[in-house]
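The values are calculated or read from the model by the stated rules, or taken from the named source; none is laboratory data. No experiment lies behind these values; they were computed from the predicted model shown. Here Cβ is always computed from backbone atoms with ideal geometry, including for glycine, and neighbour counts include all displayed protein chains. For the accessible areas, the whole protein counts, side chains as well, though only heavy atoms, and no ligand, DNA or RNA atoms are used. Shrake-Rupley method; radii C 1.70, N 1.55, O 1.52, S 1.80 Å.
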Amino acid sequence: MQFTSNFSAPFIRRPVATSLISLAILLAGAIGFGYLPVAPLPQVDFPTISVFANLPGASPETMASAVATPLERQFTRIASVSQMVSTSQLGNTNITLQFDLNRNIDAAARDVQAAINAARGQLPADLPGQPGYWKVNPADSPIMLLAMTSDNVLLPEIYDAADSVIAQKMRQISGIGEVFIGGGAKPAVRVQVNPSQLNNYGISLENVRSALSSANSNRPKGELANLRNAWGIRDTDQLFKAHEYQPLIVTWRNGAPVRLSDIGSVTDSVEDVRNAGFINGRSGIILVVFRQPGANMIETVDRVRAMMPELQSSINPSIHLSVIIDRTTTIRAAIHDVELTLIISVILVILVVFIFLRNYWATLIPSIAVPLSLVGTFGVMYLLGYSLDNLSLMALTVSTGFVVDDAIVVIENIMRHLEEGIPPFRAAMMGAREIGFTVISMSTSLVAVFIPILLMGGIVGRLFREFAITLSIAVGISLLVSLSTTPMMCALFLRRDTGKHGRLYKFAERSFDRLVALYDFGLRWVLRHQFVMLCVTILTMFASVALYVYTPKGFFPQQDVGRINGFIQADQDVSFASMREKVKVLSDIVREDPNVETVTAFTGGGSGNNSGRFFAQLKPLGARKLTADEVIEHIRPKLEKIPGASLYLQAVQDINVGGRFSGAQYQYTLQADNLTDLVGWAPKLMERMSKIPNLRDVNTDQQLNGLQAQLVIDRDTAGRLGVPVSEIDNTLNDAFGQRQVERCIRGDGVQRVVQRDEAWVGVKRGWHWIGGWIVLRLSVSAVEVSERVAHGLARHDDGTRERRVEIEDHEHRGRYR
């Protein structure tokens with residue numbers, strides 16, 4: 001009791017000093033508010049790093065065994081790895097590493113880079129480049145989508161500008177984790193050889209690859225100098241355009257050179273022709289911008305927008321750069337609404353105080369104390385590194401009632417002494433001394449309620465920790481203001497009631513008397529019917545338990561942020577031309593919906609040959625009648641009519657758990673000790689889950705039903721002729737893969753040379769069903785498996801080679817000749 005009296009007395013005696021302290025709290029909070037970052041939710045992102053490696057033409061099995069496995073063995077030695085998921089597709093592997101919440105992502109990135117370096121010696125020697133990593137979570141939604149379109153510039157040139165200029169500049173912006181480019185590929189020189197011409201000249205595909213590999217060099221040349229001048233030596237050791245490769249000599253036959261133009265065609269194209277992107281039905285290049293885990297989304301987007309004029313000026317004026325989707329638009333609107341709610345709550349609290357106290361000065365004091373406590377909280381939030389988000393602002397809104405309670409308790413106790421005729425100064429001293437311990441106990445009990453939340457672990461604890469601490473800070477500052485500024489203002493401004501009141505005061509007084517009388521009547525009735533009230537209390541308890549059991553439960557409420565993401569999955573044997581058409585049809589269906597504003601979709605590249613990504617921006621809530629989930633339900637029946645492809649849509653959420661991108665909101669992982677059990681049970685589990693009425697869009701990332709052509713190698717004959725298996729693999733890759741055989745260093749990047757055999761030209765197919773067996777007949781003009789195989793293994797009876805190849809799919813196993 002003596003402590004509280006000593007605490008309040010100096011502030012009451014020194015009003016100027018107390019006013020300056022209050023002003024300092026107000027200014028500190030106002031300045032901190034200006035520097036507080038804005039975010040949808042508190043920082044709850046798991047530190048996540050996505051590692052990628054590419055080997056064009058390699059099968060998923062090869063990528064998993066030769067690339068993913070050595071990397072995974074090194075990654076398991078990194079500390080604090082909570083989850084590791086790897087996905088291997090045709091030509092690429094992605095490994096997602098998720099770390100504990102308290103792990104620093106920059107330190108984790110250094111460990112990942114060290115593990116990649118340690119695994120480099122175990123990776124394939126023909127890997128085009130070092131495996132890289134992004135400090136992004138693949139399951140997160142991008143914060144921005146930029147579109148690059150043009151009426152007179154070709155897509156390869158637009159992609160080149162996006163990759164060599166725009167993406168490079170954007171990756172330097174603080175907070176950007178990665179910029180993924182979809183809808184195109186890097187420029188390259190493509191060499192397509194004619195199998196018939198190869199056979200006529202007796203040239204193998206490996207001969208062509210060797211000639212291309214030796215066509216470029218980038219070595220030091222030295223300089224020439226005399227007594228007065230010096231000349232740097234340059235030569236044409238690199239070829240950049242297709243016409244420069246056409247006269248390239250591959251070999252010599254009968255004393256004459258065989259040039260590249262004699263055996264095939266050379267064109268200026270791209271590294272991977274299996275890419276397509278659509279922006280509102282128009283072809284273009286899409287830049288998908290991801291933020292780094294832990295970076296503030298609003299600040300990152302603001303930096304990108306501030307840099308847009310510089311980005312536009314750094315590329316061809318005929319290329320138009322625009323923002324298609326901005327994830328922060330709804331976040332800014334939501335934060336604005338919460339801030340407005342906070343202001344309204346403060347005004348309502350002050351009005352309620354005025355209605356009950358009916359005294360201007362008694363209302364003015366809490367009107368100053370409440371905003372002072374709330375604004376002062378912003379300063380402490382800035383020092384703790386918090387943000388203005390939905391939960392922190394909700395904590396301040398909830399704390400408004402707690403904050404005003406402290407001021408009201410102090411004012412009412414001081415008013416009691418004033419009504420007894422005690423002078424204001426003495427009444428403030430007595431009232432503060434008497435009520436100080438009560439205010440401290442009230443504030444302490446409120447803070448103690450949030451201690452269990454502060455001790456919670458995991459993502460739930462991290463999510464609500466900022467809420468609990470923010471509310472506790474507001475209560476603590478309110479305690480300080482109630483024991484210092486509030487009694488000081490009471491001593492200066494409060495006066496004894498003279499008893500002269502107007503009609504409004506008298507009307508309010510009569511209303512309160514009626515309210516007290518009604519409460520008195522209700523209380524007496526309850527006390528006279530105790531058994532009935534006991535039964536009502538017990539029924540209420542059971543009803544509360546029943547409502548808790550039957551009320552739907554979830555981790556976080558389903559949000560409508562005005563965006564829909566999608567995953568396009570087609571049949572596993574679909575061709576790229578068919579896939580491109582299906583992506584366009586699906587995007588057109590969604591774009592025709594009146595609730596949709598923009599639609600962006602792309603396929604190819606790292607997303608796989610039979611899959612694609614989809615992004616839709618909905619119109620503002622005032623311009624559409626349906627929520628995001630209702631829009632999905634409205635579009636779904638139209639999408640189901642497209643054969644051979646499915647578009648799985650889901651509303652974007654501000655919080656995601658896990659590091660795995662999928663086409664559904666919930667994910668289940670099936671594990672087994674061996675691949676055979678996994679292959680057998682995964683389809684069964686998916687089939688049973690599809691029959692559950694409450695589940696929609698059940699799908700799997702297991703891709704095992706595509707057609708495969710398997711070449712059976714006669715190892716005895718190959719060994720007798722001295723043909724290594726690696727040479728057969730290289731020849732097949734030369735013939736049927738988009739193999740990158742050489743690269744040229746340009747001033748603005750790297751240009752690659754891609755070799756591809758036109759083995760599909762002149763193919764004749766005949767389908768026959770015989771007792772469940774599939775028989776295919778291919779007649780291909782003499783494709784050399786290699787020079788030695790051609791001379792030793794192949795037959796030349798009618799000028800055609802015959803090869804035995806096995807075709808395997810999920811249910812059939814056949815053989816064709």
Electrostatic dipole magnitude of segment 7-127 [Cβ: Lys, Arg +1; Asp, Glu -1; Cα centre; debye, to 20] = 640
query = Using Cα-only point scatterers and the Debye equation, what is log10 of I(q)/I(0) for segment 209-295 at each q in 0.10, 0.23 Å⁻¹, rounded to two decimals?
reply = -0.58, -1.16
query = Dividing the alpha-carbon Rg of the chain by 2.2 N^0.38 Å yields what?
reply = 1.30
remark   = Largest first and rounded to whole Å, the semi-axes √(5λ) derived from the alpha carbon gyration tensor of segment 188-251 read 36, 11, 9
ask   = Using only the Cα atoms of segment 254-359, what do you get for the radius of gyration and for Dmax, in Å?
value = 28.5, 113
inquiry  = Using only alpha-carbon positions, what ratio does the radius of gyration of segment 100-231 give when scaled by 2.2 N^0.38 Å?
reply    = 1.60
remark   = Here the net charge surrounding THR328, from other residues whose Cβ is less than 10 Å away from its Cβ (Lys, Arg +1; Asp, Glu -1), is 0
request  = Calculate for the chain the 222 nm mean residue ellipticity that helices alone would give, adding -39,500 (n - 2.57) per DSSP H run of length 4 or more and normalising by residue count, nearest 500 deg cm²/dmol.
outcome  = -15000 deg cm²/dmol
key: Exceeding the 31 Å Cα-Cα cut-off - candidates LYS169/LYS625; LYS186/LYS625; LYS135/LYS186; LYS553/LYS582; LYS169/LYS582; LYS186/LYS582   = LYS169/LYS625; LYS186/LYS625; LYS553/LYS582; LYS169/LYS582
key: Simple label model, 7 Å out from Cα along Cβ direction - LYS506 to ASP677, nm   = 8.9
query = What is the Rg over Rh value, at two decimals, for segment 430-514, using alpha-carbon atoms and the Kirkwood definition of Rh?
reply = 1.21
ask   = Mean shadow of segment 163-311, computed from the convex hull of its alpha carbons, in nm²?
value = 16.5
key: Within segment 345-501: Cβ-based charge dipole about Cα centre, in debye rounded to nearest 20 (Lys, Arg +1; Asp, Glu -1)   = 200
remark   = Expressed to two decimals, segment 543-674 has a Cα Rg over Rh, using the Kirkwood radius, of 1.04
task = Could you calculate the FRET efficiency of THR669 with ARG636 from 1/(1 + (r/R0)^6), where r is the beta carbon distance between them and R0 is 35 Å, rounded to 0.05?
result = 0.85
query = Quick one: what Rg and Dmax do you get for segment 539-585 from the alpha carbons, in Å?
reply = 22.4, 66
query = Put +1 on the Cβ of every Lys and Arg and -1 on every Asp and Glu Cβ in the chain; which of LEU23, VAL38, TRP134 then has its Cα farthest towards the positive end of the dipole?
reply = LEU23
task = Sort CYS535, CYS490 by accessible area with a 1.4 Å probe, largest first.
result = CYS535, CYS490
query = Using the Cβ atoms and a cut-off under 14 Å, what net charge is assigned to the surroundings of ILE319, where Lys and Arg are +1 and Asp and Glu are -1?
reply = -3
key: Nearest-20 debye value, the chain charge dipole, Cβ charges on Lys, Arg, Asp, Glu   = 1400
note = Taking Lys and Arg as +1 and Asp and Glu as -1, residues besides VAL289 with C-beta under 15 Å from its C-beta add up to +3
ask   = Given labels modelled 7 Å from the Cα in the Cβ direction, how far is it in nm from SER82 to ASN699?
value = 2.7
ask   = For the chain, what is the accessible area per residue in Å² when the probe is 1.4 Å?
value = 53
Pairs of Cα atoms farther than 21 Å apart, segment 1-78, % = 67
key: segment 295-335: projected area of the alpha-carbon convex hull, averaged over directions, in nm²   = 3.4
inquiry  = Residues of segment 338-371 with the amide nitrogen closer than 20 Å to a label point 7 Å from the Cα of LEU492, along Cα-to-Cβ, please.
reply    = 359-371
inquiry  = Based on the alpha-carbon set only, what is the convex hull volume of segment 440-598 divided per residue, in Å³?
reply    = 359
request  = Report, in cubic angstrom per residue, the convex hull volume of the C-alpha atoms of segment 471-533.
outcome  = 189
ask   = Which whole-Hz ³J(HN,Hα) couplings does segment 171-186 yield from phi under the Karplus relation 6.51 cos²θ - 1.76 cosθ + 1.60, θ = phi - 60°, glycine and proline marked x?
value = 5, 7, 6, 4, x, 7, x, 6, 10, 9, 10, x, x, x, 8, 5
request  = Would you work out which of LEU357, ALA306, SER318 lies farthest towards the positive end of the dipole of segment 245-366, given +1 charges on the beta-carbon of Lys and Arg and -1 on that of Asp and Glu, about the Cα centre?
outcome  = LEU357
query = When the accessible area of the chain is split by element with a 1.4 Å probe, what percent falls to carbon and sulfur?
reply = 57
key: Segments 178-185, 104-111 sorted - mean Cβ within 10 Å per residue, highest first   = 178-185, 104-111
query = Quick one: length gained pulling GLU223 to LEU23 fully straight, 0.36 nm per residue minus the C-alpha distance?
reply = 64.8 nm
query = Using mean Cβ contacts within 10 Å as the protection proxy, how do 327-333, 304-310 order, highest first?
reply = 327-333, 304-310
ask   = In bins 5 Å wide, starting from 0, what share of all Cα pairs of segment 336-445 does each bin hold, as a percent?
value = 2, 11, 19, 20, 19, 13, 8, 5, 2, 1
ask   = Debye sum, Cα scatterers, segment 148-204, no solvent: what log₁₀ I/I(0) at q = 0.20 1/Å?
value = -0.77
For segment 83-173, average projected area of the Cα convex hull in nm² = 8.5
inquiry  = Need one number: % antiparallel among DSSP beta bridges in the chain, to the nearest 5.
reply    = 95
query = Lys/Arg Cβ at +1, Asp/Glu Cβ at -1, dipole of the chain taken about the Cα centre: which of GLY182, GLN74, LEU348 is farthest positive-ward?
reply = LEU348
message = Let me check I have the definition right: for segment 1-140, take the eigenvalues of the Cα gyration tensor, multiply each by 5, take square roots. What are those semi-axes in whole Å, largest first?
response = 57, 15, 12
